1. Being exposed (fewer than 13 other Cβ atoms within 10 Å of the Cβ) and part of a loop (DSSP other than H, G, I, E, B) is the filter here; which residues of region A:89-125 pass it?
2. Among the residues of region B:86-95, write down those that are surrounded by fewer than 24 Cβ atoms within 10 Å (Cβ to Cβ) and either in contact with a helix residue (DSSP H, G or I) (Cβ under 9 Å, 6 or more places away or on another chain) or of a type in the set (Gly, Ala, Ser) (or both).
3. Residue by residue through region A:202-255, note down the ones that are of a type in the set (Phe, Trp, Tyr) and either in a helix (DSSP H, G or I) or crowded, with 16+ Cβ neighbours inside 10 Å (or both).
4. All but one of (1) within 14 Å of chain A (Cβ to nearest Cβ); (2) more than 20 Å from the chain's Cα centre (by Cα) hold for B:Tyr15; which doesn't?
5. For region B:216-225, indicate whether the set of residues that are more than 30 Å from B:Trp136 (Cα to Cα), buried (at least 17 other Cβ atoms within 10 Å of the Cβ) and free of Cβ contacts under 8 Å to residues at least 40 places away in the same chain is non-empty.
6. Restricting attention to region B:87-95, does a residue exist that is under 14 Å from B:Ile160 (Cα atoms), of a type in the set (Phe, Trp, Tyr), in contact (Cβ under 8 Å) with a residue 24 or more places away in the chain and at the interface with chain A (Cβ under 8 Å from one of its Cβ atoms)?
7. Check whether at least one residue in region B:60-82 is surrounded by fewer than 22 Cβ atoms within 10 Å (Cβ to Cβ), within 10 Å of chain A (Cβ to nearest Cβ) and assigned to a helix (DSSP H, G or I), and report yes or no.
8. Out of A:Leu159, A:Leu199, A:Leu258, which single residue is crowded, with 17+ Cβ neighbours inside 10 Å, within 21 Å of the chain's Cα centre (by Cα) and closer than 22 Å to A:Val36 by Cα?
Amino acid sequence: MNYYTWRKAKNYFFHSLLSISAVLVLIPLFLVVAYVVYKGISGLSLDFFFNTPKPVGEVGGGMVHAIMGTLYLVALGSLIAVPIGVVCGTFLSEFGDGKIAKSLRVAIDLLTGVPSIVIGIFAYILIVIPFKGFSALAGGIALSLIILPIVTRSTEEILKLVPQHIKEAGLALGLPRWKVTYFIVVKGNLKAILTGVILAISRAAGETAPLLFTAFGNRYVSTELLSPMASLPVQIYNYSISPFDDWQAQAWTGAFVLIFLILGINLTCRTFLNRKKILEKVTRQK
Amino acid sequence: MSQPIISVKDLHIWYNDFHAIKGISIDYLPNTINAIIGPSGCGKSTFVRTLNRIHEEVPGARAQGSIMYMGKNILSSEVDPVDLRRQIGMVFQKPNPFPSMSIFENTVIGLKLQGEKNKSKLMEVAETCLKKAALWDEVKDKLNKPGTSLSGGQQQRLCIARSLAVNPPVLLMDEPTSALDPIATGKIEELMTELKKEYTVIIVTHNMQQAARIADYTSFFILGELIEHGLSSDIFTNPKQKTTEDYITGRFG
């Protein structure tokens with residue numbers, strides 16, 4: 001075998017290795033989604049989306065309360081965590097050399113590693129006990145602790161990619177540092193920051209443990225901040241460990257809806273971001 | 001002879017322990033082009049970056065001595081670097097338009113963020129500055145395209161327009177044409193001679209022909225020291241120092 005063929009063979013070998021790895025990564029994702037679709041799609045009905053659960057023994061009923069609850073809790077958690085996280089990440093990236101910043105970074109990393117059940121216990125002690133009851137507020141705060149470190153670190157990493165010479169160009173125009181940071185560094189990378197936010201939100205939407213004994217769950221549609229609130233993951237958990245076949249089937253459908261809800265949030269945000277850009281372009285050209 | 005607009009006296013600059021500029025004194029006259037030449041690492045960039053205090057962005061950098069501008073030592077703590085940089089603008093080596101902004105936004109961003117909201121005023125400034133930067137004809141039909149969609153030379157002229165929009169009497173240029181081809185370089189040189197009517201330009205360059213072509217005065221730096229400063233015609237035809245002669249004739253550096 002001459003050198004040329006040998007080189008081609010090596011190239012082919014490593015190239016296939018990469019392709020195989022890519023496929024291996026996709027297989028579990030595909031299996032999970034396919035199995036959930038297979039088990040859950042048969043339970044889809046208008047009832048499921050528009051009705052609350054029926055009492056044990058009665059057929060039908062749905063999870064509208066859990067779907068609404070998940071949206072409510074995730075929105076509440078994001079409302080608390082996203083502004084703090086973006087500001088915090090900006091601070092770490094732009095002014096992150098001091099002692100405070102270094103300890104903050106360590107704290108954020110530790111928070112990422114805290115098991116979600118521990119976050120649930122924390123919110124339980126912090127909110128549920130003083131308020132004497134499970135509440136959406138406690139659930140929202142627990143989810144915000146999941147979202148916060150992800151948003152902070154993704155924002156920091158994104159803004160660190162902004163080259164020094166871009167910041168200097170802003171400063172050289174006679175702009176104060178905060179204007180350079182806000183209008184040029186942060187605003188110029190809003191789309192990438194929002195991608196990190198969406199990632200964090202998707203993660204929080206699927207969390208069960210922090211909600212088990214904070215938002216707890218109920219069986220009707222609720223918008224009360226200080227009352228228990230249902231959520232898809234907890235509902236799925238409760239139904240899947242129940243002895244009733246129809247509840248287990250509903251848990252599968254719930255899982256199916258949860259996956260596509262997260263996918264939906266993802267896609268909506270992305271298209272919305274893109275559309276905004278397109279709209280801006282169109283209106284500016286007039 | 002008119003009063004100097006910037007007067008540097010006994011300027012020393014350190015990066016931590018490294019003594020980068022060792023006691024340089026130069027006067028700059030208004031409406032002139034002043035070139036700084038010298039081998040790499042001689043402190044040219046450090047020197048101009050101190051003139052609008054952008055050197056403070058480098059951790060560990062500190063300056064000593066005096067740089068008089070409008071009757072004040074700009075190195076003193078009572079001068080606000082933000083105000084100073086509105087007076088003394090800067091164009092960098094690498095064209096660096098803001099990537100998320102259109103050509104129009106890039107041009108007026110300085111003014112806009114200083115509080116100018118009137119759209120027709122901004123449009124007017126954009127047109128004037130892009131014309132001064134000899135870019136208007138090339139971009140007037142695509143002002144909403146991203147600044148980064150332009151060619152390297154166009155981007156650099158956009159950056160010059162961006163600096164001009166805040167109307168600084170002095171413009172610092174740190175090797176503005178080193179990343180550009182000869183045609184783009186030619187355009188920017190032409191532009192500089194045009195700008196001289198209204199502005200004072202201080203330009204760092206590695207290109208000695210460039211200094212000879214456009215600069216009224218040239219300073220020659222080696223290892224943080226000023227070897228020679230004078231009329232470009234003297235420096236390039238009749239240098240007083242042997243080192244200068246060796247450098248410009250290519251015997252070293």
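The numbers here are math on the coordinates, done by the rules we state, and not lab data. Note that the structure is a prediction, hence the values are computed from the model and not measured. Glycine gets a Cβ as well: all are built from the backbone with ideal geometry, and neighbour counts include every protein chain shown.
1. Within region A:89-125, A:Asp97, A:Gly98, A:Pro115 meet the criteria.
2. If the condition is that a residue be surrounded by fewer than 24 Cβ atoms within 10 Å (Cβ to Cβ) and either in contact with a helix residue (DSSP H, G or I) (Cβ under 9 Å, 6 or more places away or on another chain) or of a type in the set (Gly, Ala, Ser) (or both), then B:Arg86, B:Phe92, B:Gln93, B:Lys94 are the ones that fit.
3. The answer is A:Phe213, A:Phe216, A:Tyr237, A:Tyr239, A:Trp247, A:Trp252.
4. For B:Tyr15, the exception is condition (1).
5. no
6. Yes, there is a match, as at least one residue in region B:87-95 is under 14 Å from B:Ile160 (Cα atoms), of a type in the set (Phe, Trp, Tyr), in contact (Cβ under 8 Å) with a residue 24 or more places away in the chain and at the interface with chain A (Cβ under 8 Å from one of its Cβ atoms).
7. Yes, because at least one residue in region B:60-82 is surrounded by fewer than 22 Cβ atoms within 10 Å (Cβ to Cβ), within 10 Å of chain A (Cβ to nearest Cβ) and assigned to a helix (DSSP H, G or I).
8. After applying the criteria, what remains is A:Leu258.
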